[in-house]
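S.K.: Got a structure for you, questions after.
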């Protein structure tokens, strides 16, 4: 009888695989690798917005980021747009806080006005791209429930595949799947599923390069499968630990940013 019960117990436990890390640890490591490397960061960014018909629009900007504390802690972002003409000299600033809504500001030069972006706009398109405001600075790990659904190869990389489902209905997807590289923990692919459970957005890391010892996703793409629109983003002049001053992240410099930081 005892032998029979032992066999049954083994049969029940076999489908459940023990992973080396918890899903929360995988996602925290991924966030640290993707969004928190170095004390600060700067890059020239080229965004190519591609319509369903193949038409293209270009956005060119400088992105700056500074960390405050450890990975997963406070951050500040500053972005300055060079082109096209309708967004030239526009700036965007984010104060990211763990555990509460981020603060976001947008300076619109045509109106000479700084606009505060409401927290509920986190799922809105960023300057017409397929990336949302929240995609730029990341989402709090605690806002979702996470589960490792499998381990899988993606190209030459061994990955954890993590399912993340929002605890609240504050975003426009019901869950996402993330392919996280086991070695460097960069997200190599993400699939977003809408409220009906249908795949509608796909993120992919197209190129990873080393910058000052930090593996960095220098080319990425986001496709909207429902609209047929996509956005390709390339990072050049990538640099880390350059000593970005705290004073940059202020409303004063939204209207007139120092050239040494944005050019």
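S.K.: Could you tell me how many degrees, from 0 to 90 and to the nearest 10, lie between the Cα long axis of helix 23-35 and the main elongation axis, the longest principal axis, of the Cα atoms of the chain?
M.R.: Tilt of helix 23-35: around 20 degrees.
S.K.: How much length would be gained if the chain were fully extended between residue 182 and residue 208, taking 0.36 nm per residue of separation minus their Cα-Cα distance, in nm to one decimal?
M.R.: Values: separation 26, 0.36 × 26 = 9.36 nm, distance 1.46 nm.
Answer, rounded to one decimal: 7.9 nm.
S.K.: Here's another thing I want to ask about it. Cα-based Rg of region 163-263 per 2.2 N^0.38 Å, rounded to two decimals? Kindly include the intermediate steps, with their values, before the conclusion.
M.R.: Working: Rg = 17.6 Å, N = 101, 2.2 N^0.38 = 12.7 Å.
So region 163-263 has a normalised radius of gyration of 1.38.
S.K.: Additional query: If you average the alpha carbon positions of region 26-54 and of region 165-220, how far apart do those two centres end up, in angstrom?
M.R.: 10
S.K.: Rounded to the nearest 0.05, what FRET efficiency do residue 245 and residue 68 give with R0 = 22 Å and r taken as the Cβ-Cβ distance? Could you check?
M.R.: Working: r = 13 Å, r/R0 = 0.60.
That gives a FRET efficiency of 0.95.
S.K.: A further question on this structure: On a 0 to 90 degree scale, rounded to 10, what angle separates helix 2-13 from the longest Cα axis of the chain?
M.R.: 20
S.K.: How compact is the chain by the rule of thumb for globular proteins, expressed as Cα Rg over 2.2 N^0.38 Å?
M.R.: Values: Rg = 20.3 Å, N = 263, 2.2 N^0.38 = 18.3 Å.
Normalised Cα radius of gyration, the chain: 1.11.
S.K.: Rounded to whole Å and ordered largest first, report the semi-axes of the equivalent ellipsoid of region 31-75 derived from its Cα gyration tensor (root of 5λ). List each step's numbers first, then the result.
M.R.: Values: eigenvalues 184, 28, 9 Å².
Over the Cα atoms of region 31-75, the semi-axes work out to 30, 12, 7 Å.
S.K.: Normalising by the residue count of region 37-257, find the relative contact order in percent from Cα pairs under 8 Å and 6+ residues apart.
M.R.: 20
S.K.: Mind giving me the nanometre distance, one decimal, between the label points for residue 22 and residue 116, set 7 Å out from Cα along Cα→Cβ?
M.R.: 3.6
S.K.: Right, here's the next one. So for region 191-263, averaging the separation of alpha carbon pairs under 8 Å that are six or more residues apart and normalising by length, what relative contact order in percent results?
M.R.: Details: 88 pairs, mean separation 14.3, N = 73.
The value is 20 percent.
S.K.: Moving on. Using 7 Å Cα-to-Cβ label points, what is the residue 227/residue 83 separation (nm, one decimal)?
M.R.: 2.3
Since every read-out is calculated from the coordinates, none of them should be taken as a lab result. None of these values were measured; they are calculated from a predicted model. Here the Cβ is made from the backbone with ideal geometry for all residues, glycine too, and neighbour counts use every protein chain on show.
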